[in-house]
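Everything on this sheet refers to the single structure shown next.
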Amino acid sequence: MKFTKMQGAGNDYVYINGFEESLTDPAELAKKVSDRHFGIGSDGLILILPSQQADLKMRMFNADGSEAEMCGNGIRCVAKYAHDHGLVDRLAISVETGNGILPLQLFLGDSGLIDRVQVNMGVPRLTRADLPMTGPAAEQVISVPLEVAGRPFEITCVSMGNPHCVIFIEDVEKFPVHEIGPLIENHPWFPKRVNVEFVQLVSPVEVIQRTWERGAGETLACGTGASAVAVAGVLTGRTERKISNHLRGGELQLEWLEGGPVMMTGPAVEVFSGDFNPK
């Protein structure tokens, strides 16, 4: 099986060209390729597939084999792969995801290949039912108290097609992400688990983020998570609508258009290609 390893702001995935390769069990394959000792090493697996509704379709599987609705960093790399490998020939394309069809704008670098992509991440959904989350279905979750491991937090929850729980803290580097992250991911309030963003406010236009992703653990970046942070910053009065987000793997630019979608711009990098025997 031929594959390509790509990363967006350090959020790395193994990509399979579904126009040429066929898979019988992508969930099991995701676990194999993601293993950083016995596989290729990645945060998960992304399939690039034909679509009846858009230019392309993507399916994304976490390192534990669970399928997620969307991946903001992953979809930028899908766009880069599709353009650089001749699946599309335009700089404005659409990709079918588990969160609907999303439009993307591609930017050529000096090499003539794509190096940045802007994604229309869609309109954020804010109710408990949207996440899903227990409690009154139509209620929004903005600065709601939650105690975990004897520590009090205030959470703001946003669905960007997948569920996010955003927590603003004082010092993101010293925060015990690996202790608190899985406790919130698997908290009974979230029946389908949740991604957790721990965010330090630098200024109204700048934040620092660490992410605990459901099914993957801490990752170097999360595009849907960064989009959720942009929304949560506005909802809690901490940030402006346009921000820079510094993640461990790089920087993303976010803008939540008033009454509309979140626009995310960031890098897309091809690391290497090869062959993998999934047996």
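The values are calculated or read from the model by the stated rules, or taken from the named source; none is laboratory data. Bear in mind the structure is a predicted one, so any value in this text is a computation, not a measurement. Don't worry about glycine lacking a Cβ; one is built from the backbone with ideal geometry, like all the others, and counts go over all protein chains shown.
Each residue in the range 93-140 was checked for being over 16 Å from the mean Cα position of the chain (by Cα), among the hydrophobic types (A, V, I, L, M, F, W, C) and not assigned by TED's automatic domain parsing to the domain that holds LEU47, and 5 of them qualify. Taken over the range 18-49, the criterion of being over 20 Å from the mean Cα position of the chain (by Cα) and under 23 Å from HIS83 (Cα atoms) is satisfied by GLY18, PHE19, GLU20, GLU21, SER22, LEU23.
Do you know which residues across the range 23-32 are surrounded by fewer than 24 Cβ atoms within 10 Å (Cβ to Cβ) and either touching a residue at least 24 places away in the same chain (Cβ under 8 Å) or within 20 Å of ILE75 (Cα to Cα) (or both)? First the steps, then the outcome.
First pass over the range 23-32, keeping only residues surrounded by fewer than 24 Cβ atoms within 10 Å (Cβ to Cβ): 23-29, 31-32.
Result: LEU23, PRO26, ALA27, GLU28, LEU29, LYS31, LYS32.
Beta carbons closer than 9 Å, at least 6 apart along the sequence or on distinct chains, pair a first residue in the range 86-108 that is of a type in the set (Phe, Trp, Tyr) with a second that is surrounded by fewer than 20 Cβ atoms within 10 Å (Cβ to Cβ) for PHE107/LEU91; PHE107/ASP115; PHE107/ARG116; PHE107/GLN118; PHE107/THR265. Only one of the numbered conditions (1) surrounded by 19 or more Cβ atoms within 10 Å (Cβ to Cβ); (2) assigned to a loop (DSSP other than H, G, I, E, B) is violated by ARG36, and that is (1). For the range 4-22, filtered to residues that are in contact (Cβ under 8 Å) with a residue 60 or more places away in the chain and assigned to a loop (DSSP other than H, G, I, E, B), the residue that is surrounded by the fewest Cβ atoms within 10 Å (Cβ to Cβ) is PHE19. If only residues of the range 134-157 that are touching a strand residue (DSSP E or B) at 6+ places or on another chain (Cβ under 6 Å) and assigned to a loop (DSSP other than H, G, I, E, B) are counted, the one that is surrounded by the most Cβ atoms within 10 Å (Cβ to Cβ) is VAL141. Being closer than 17 Å to SER273 by Cα, among the charged types (D, E, K, R) and touching a residue at least 24 places away in the same chain (Cβ under 8 Å) is the requirement here; does ASP64 meet it? In short, no.
Take the range 266-279 and flag every residue that is among the polar types (S, T, N, Q) and either in a loop (DSSP other than H, G, I, E, B) or out of contact with any Lys or Arg (no Cβ under 9 Å at 6 or more places or on another chain) (or both).
ASN277
The set of residues in the range 158-180 that are surrounded by fewer than 24 Cβ atoms within 10 Å (Cβ to Cβ) and either among the hydrophobic types (A, V, I, L, M, F, W, C) or part of a helix (DSSP H, G or I) (or both) comprises ILE167, PHE168, ILE169, VAL172, PHE175, VAL177, HIS178, GLU179, ILE180.
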